[in-house]
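Following: one structure in structure tokens, then a few remarks.
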Amino acid sequence: MMQQIPDAAGVRKSSLRPVEQLVFALREIYDGFGYSRYRMSKFEEYDLYANHKDFLIAEGVITFTDTNGKLMALKPDVTLSIVKNTQDPASGVQKLYYNENVYRIRQDAAGYQEILQTGLEAIGAIDDYTLCEVMELALLSLHKAGGRYVLEISNLGLLSELIDACGVSAVYKAQVLALIGEKNRHELQRLLEQAGVEAADLEKILALLRLDEDPAAALSQAEQILKGKVNDAKLQQFVRVVKALLAICGGQADPTADGQTAAQPEGAIRLDFSLVGDPNYYDGVIFKGYLEGVPKSVLSGGEYNALMRKMGRKSGAIGFAVYMDLLERYLDAPEGYDTDIVLIYDKDTPLEAVRARAEELGRDGSRVMAQARIPEGIRYRKLVRFDGSGDACGKEGPDGEQ
Amino acid sequence: MSNKKMIQIALPKGRLGDKVYEMLDKAGYSCPEILEGGRKLIFESPETGVCYFWVKPSDVAIYVERGAADIGIVGKDILLEYEPEVYELLDLGIGKCRMAVAAKEDFRDDKAGPLRVATKFSHIAMEHYLDRGRDIDIIHLNGSIELAPLLGLSDVIVDIVETGTTLRENHLHVVEEIVPISARLIANKASYKFNQASIDRITDALAAGKEN
């Protein structure tokens, strides 16, 4: 499936790959919401990652020793660097976005990976508005990639409180969260019984795993389940923010009509508490984005106040990353042609005439390749030959035929 | 959301797969063509909105994790060994057996050195002994695991035990049970988001069939 990303800042569309167009489109969106671009070095001291290993989504940091003998790493993650290198804002919220390459060791095969990651972070006094805005931006980012999408939203802080309130001890908690993440209700039930959780509480945890597909109905179900078991102010904030998100993003038939309103086709927002993370880092809203046809989540984010505290920061924080490496295959599906037009000249054709003809043919945005002979193995849409008099006659080239 | 897309189901080849298809058939997801044999690899049932294909049992999780299949049926042993990023929606309660440590009848672990463990399930064995703080030497084999302690290649084996007949016939016995195993219904996480209603329907139908 070849996607076209709309409005890539006036650059000729055919000159940019769809994933590159998406990077431009996302930059425009984030700029439009007042986020500033954050640039950073490719290197960080390895200690930063060694101390927060569990925060990284993939293991395998590429390390080297610098000229002073210090162990350095090629950045495997952007958020940790931003948290480390920014200050707590005196007031308000610092809003940043980035397009950066990160480097990882491949998990299943030998070698290294360079992955383009785009994302944003909001650091400071995170209020309802900021929570809602970041999730709206996540929805807009998914929408820009094209096709059907789903943003699933959970709240790890509330889920974690519910598990604690049900009397699950720390010994079982990680395992309980892992089973919740698998929607593994059968083993979860056995484990909760083993952990001595009362039947009514067990039902509450299991019920949270099968909420309605409709986000408004799911929100009301979740509110009923969590009420009385978790901090009411936090629960009410979550309900307010999700309701606001549904109100802001719901019902837009053409989300791009006014340029900056999130798309919300039916079913694009889901409330799903089986989305979990590490509670040592995430302690509030968390979310993941999916595009139909991509087998993994392409966007992931959430409130990481616990990480901020671990790193000695007073501010709250929320952000997300878009995994461009996963989108690349989805967006840059093989087009089938190496070029649109092959323009064949002979040794007697004046060079100026070849150049002028190539330019003329390329005026509609077509890619034109001028060659004395058709290169071996090339696939083109159309073949144009110069005849002896300098006129060109068009000839359709069958797919792949030379 | 539209649920018109066919749900792709990866079935494990062999006895377990046959039993699972029987369950699906009874649950209303019939595809008579699948029983006809021949060399066909993919079987569509437009009436019920599903599409079946047979794959090697250990590959089911790969097909599902990578989205080539929306759902699949796989043994818990494979899930524990490879830890694929999938939803585990249902314990089908069939293909029951256990993952166990077995050794020769006169075996005694004197803990003097690393325990030599022969297995096809290296990850499960490592996790099991890591939990117990026992140093081990994994010998990864692809078959005839029971032979390893008999020939002195290993001290113990970690393997699937169904009835225990093979062990008994070779003077081996179960030293320790690691985990019970049975067939599980798994789903690709992304596919689930776009086909939740259809996948939930299949899950519920299989769960109902299991109870009857």
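A few remarks follow.
- Within the stretch A:284-322, being within 14 Å of another protein chain (Cβ to nearest Cβ) and among the hydroxyl-bearing types (Ser, Thr, Tyr) holds for A:Tyr290, A:Ser297, A:Ser300.
- The residue that is surrounded by the fewest Cβ atoms within 10 Å (Cβ to Cβ), counting only those in the stretch A:140-177 that are facing chain B (nearest Cβ under 10 Å) and aliphatic (A, V, I, L, M), is A:Val150.
- Residues of the stretch B:78-112 satisfying the condition of being acidic (Asp, Glu) and part of a strand (DSSP E or B): B:Glu88, B:Asp91
- Test set (1) at pLDDT 95 or above; (2) in contact with a strand residue (DSSP E or B) (Cβ under 7 Å, 6 or more places away or on another chain); (3) assigned to a helix (DSSP H, G or I) - A:Leu246 fails condition number: (1)
- Of all the residues in the stretch B:50-77, those that are more than 14 Å from chain A (Cβ to nearest Cβ), under 27 Å from A:Gln175 (Cβ atoms) and not in a helix (DSSP H, G or I) number 2.
- When we screen A:Val134, A:Val171, A:Val102 for residues that are free of Cβ contacts under 8 Å to residues at least 40 places away in the same chain, of a type in the set (A, V, I, L, M, F, W, C) and more than 29 Å from B:Arg184 (Cα to Cα), the only hit is A:Val102.
- Total residues in the stretch B:112-130 satisfying the condition of being basic (Lys, Arg) and over 20 Å from B:Leu150 (Cα atoms): the figure is 0.
- Selection from the stretch B:57-81 of residues that are closer than 19 Å to B:Cys97 by Cα and surrounded by fewer than 19 Cβ atoms within 10 Å (Cβ to Cβ): B:Ser58, B:Leu80
- Condition broken by B:Arg168, with the remaining ones in (1) under 25 Å from B:Gly72 (Cβ atoms); (2) in a helix (DSSP H, G or I); (3) among the basic types (Lys, Arg) satisfied: (1)
- Filtering the stretch B:120-155 to residues that are outside any loop (DSSP other than H, G, I, E, B) and more than 29 Å from A:Val171 (Cα to Cα) leaves B:Ile139, B:His140, B:Leu147, B:Ala148, B:Pro149, B:Leu150.
- Residue in the stretch A:115-128 that is of a type in the set (Asp, Glu), part of a loop (DSSP other than H, G, I, E, B) and farther than 17 Å from A:Ala321 by Cβ present: yes
- Subset of the stretch B:132-169 (residues that are among the β-branched types (Val, Ile, Thr) and over 18 Å from the mean Cα position of the chain (by Cα)): B:Ile136, B:Ile138, B:Ile139, B:Val156, B:Ile157, B:Thr165, B:Thr166
- Residues of the stretch B:124-148 satisfying the condition of being in contact (Cβ under 8 Å) with a residue 40 or more places away in the chain and over 20 Å from B:Asp77 (Cβ atoms): none
- Qualifying residue in the stretch B:124-142 (condition: within 13 Å of chain A (Cβ to nearest Cβ) and among the hydrophobic types (A, V, I, L, M, F, W, C)): no
- The set of residues in the stretch B:25-49 being at pLDDT 90 or above and either in a helix (DSSP H, G or I) or among the aliphatic types (A, V, I, L, M) (or both) consists of B:Asp25, B:Lys26, B:Ala27, B:Ile42.
- Helices (runs of 4 or more DSSP H) lying entirely in the stretch A:293-372 (those with 2 or more residues that are at pLDDT 90 or above): A:305-310, A:351-361
- For the stretch B:171-195, the set of residues classified as in a helix (DSSP H, G or I), of a type outside the set (A, V, I, L, M, F, W, C) and touching a residue at least 12 places away in the same chain (Cβ under 8 Å) consists of B:Lys189, B:Ser191, B:Tyr192, listed by residue number.
- Hits in the stretch A:191-241 (condition: within 14 Å of chain B (Cβ to nearest Cβ) and either assigned to a loop (DSSP other than H, G, I, E, B) or more than 31 Å from the chain's Cα centre (by Cα) (or both)): A:Leu191, A:Gln194, A:Leu209, A:Arg210, A:Leu211, A:Asp212, A:Glu213, A:Asp214
The values are calculated or read from the model by the stated rules, or taken from the named source; none is laboratory data. What you see is a predicted model, and the numbers here were worked out from it, not measured in a lab. Methodologically, a virtual Cβ is constructed for each residue, glycine included, from the backbone with ideal geometry; neighbour enumeration extends over all protein chains shown.
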